Amino acid sequence: PREERSCACDRCLSEDESSFTEGFSKFAEPFYSANHNLSEDNFNWWKHLQSKNPTFSAFKEGVKGMFQMFPKNAELEASSPDRCRSCAVVANSHNLKGSHYGPLIDFQDFVIRMNRGRTKGFEADVGTRTTHHVMYPESAVNLENNTHLVYFPYKIRDFVWITKALNTSISYNKRRLKANTDLMMVLNPVFMKYVHEVWLNKEGYYPSTGFIALILALHICDEVHVFGYGADSDGSWSHYWEKLRNTGFKTGGHPGDVEYAMIKKLARNETIKFYRGG
């Protein structure tokens, strides 16, 4: 008998060994939960992302407080032979301007946006739907009630911030966040280390939010369509909603060129479908 396929796409990431060859093994648990125990080794890698030097016990305290408030991650939709979980991963490059990718983005099952990515006024190029929105405190935006909050914690106070920003029962003098806490998903800090070591060969100080989001999509989708990555045709790294383009903009502590080379490689291998825009 013919072996049952894991999904209904033409090609399923979950059964496509070539996607995760060359040492790109899959990461077992990309999302963090209350029953995870982060090893001290992994903690020591993660703590180098922050300027302060936190203790392991302070980390455990922050995580414990967050999971007391939000005990579990939203359920992931499992792969199934009768459906194709197609994902649009939409970053914020200026190359989306004038692309008219909106309908193609909206056509996918899941639409993953990130940071301050917006749709209003840019619907023709970036679409209207958002099923998952990746953010950390400095890039946080309010979400619709049916959008998953995919939270990337880069430092200990990020666990404390999200607990306060979403807790309406306490007084909080800083900016609150509007999001459906039942649809919250917290990235496993070790996943960042995995992306840095396995996918970027330890290049740069840490991976960008956009690159982590793309590799995360390879773990939770059957088919991945990628938009809004890289510079535009003039070499600008600015965002599609910005009027002034900054051609001198650098990519900070993460290795933009290495990440972009890996994205192009994934596209060549047909692991992802990559739309380069203008």
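Any read-out appearing in this document is the output of simple, stated calculations on the displayed coordinates, not a laboratory observation. Please read all numbers here as calculations on a predicted model, not as lab measurements. Counting neighbours? That spans all protein chains shown, and the Cβs are built from the backbone with ideal geometry, glycine included.
For the pairs LYS26/LYS178; LYS120/LYS265; LYS155/LYS202; LYS26/LYS47, flag any whose C-alpha to C-alpha distance is greater than 25 Å.
Pairs exceeding 25 Å: LYS26/LYS178; LYS120/LYS265.
Please identify, among TRP161, TRP45, TRP199, the residue showing maximal mean-square fluctuation in a Gaussian network model of the chain using a 10 angstrom Cα cutoff.
Result: TRP45 has the largest fluctuation of those listed.
For region 18-100, which trypsin sites (Lys or Arg not before Pro) are in a loop by DSSP, counting at most 10 other Cβ atoms within 10 Å? All intermediate terms of the calculation are to be shown ahead of the outcome.
Values: sites: LYS26, LYS47, LYS52, LYS60, LYS64, LYS72, ARG83, ARG85, LYS97; in loops: LYS26, LYS52, LYS72, ARG83, ARG85, LYS97.
Within region 18-100, the qualifying trypsin sites (Lys or Arg not before Pro) (loop, at most 10 other Cβ atoms within 10 Å) are LYS52.
Which whole-number percent is the relative contact order of the chain (Cα, under 8 Å, 6+ apart)?
Normalised by residue count, the contact order of the chain is 26 percent.
Work out the length of the dipole vector of the chain about its Cα centre, built from +1 on the beta-carbon of each Lys and Arg and -1 on the beta-carbon of each Asp and Glu, and round it to the nearest 20 debye. Please report the intermediate quantities before stating the final value.
On the way: 34 positive and 32 negative charges, 260 e Å.
About 1240 debye.
Go through region 101-164 and name the trypsin sites (Lys or Arg not before Pro) that are in a DSSP coil and have 12 or fewer other Cβ atoms within 10 Å of their Cβ.
Answer in residue order: LYS120.
Can you give the helix-only mean residue ellipticity at 222 nm for the chain, where every DSSP H stretch with n ≥ 4 adds -39500 (n - 2.57) and the sum goes over all residues, rounded to the nearest 500 deg cm²/dmol? Before the final figure, lay out the partial values.
On the way: 8 runs with 73 residues, N = 278.
Value at 222 nm, helices only, nearest 500: -7500 deg cm²/dmol.
Taking the Cβ-Cβ separation of HIS48 and LYS273 as r and a Förster radius of 41 Å, what is the calculated FRET efficiency to the nearest 0.05?
With R0 = 41 Å, the Cβ-Cβ based efficiency is 0.75.
Give a residue-ordered list of calculated ³J(HN,Hα) values for region 107-113 (Karplus: 6.51 cos²θ - 1.76 cosθ + 1.60, θ = phi - 60°; whole Hz; x for Gly, Pro).
Whole-Hz 3J(HN,Hα) from phi for region 107-113: 6, 6, 4, 10, 10, 9, 10.
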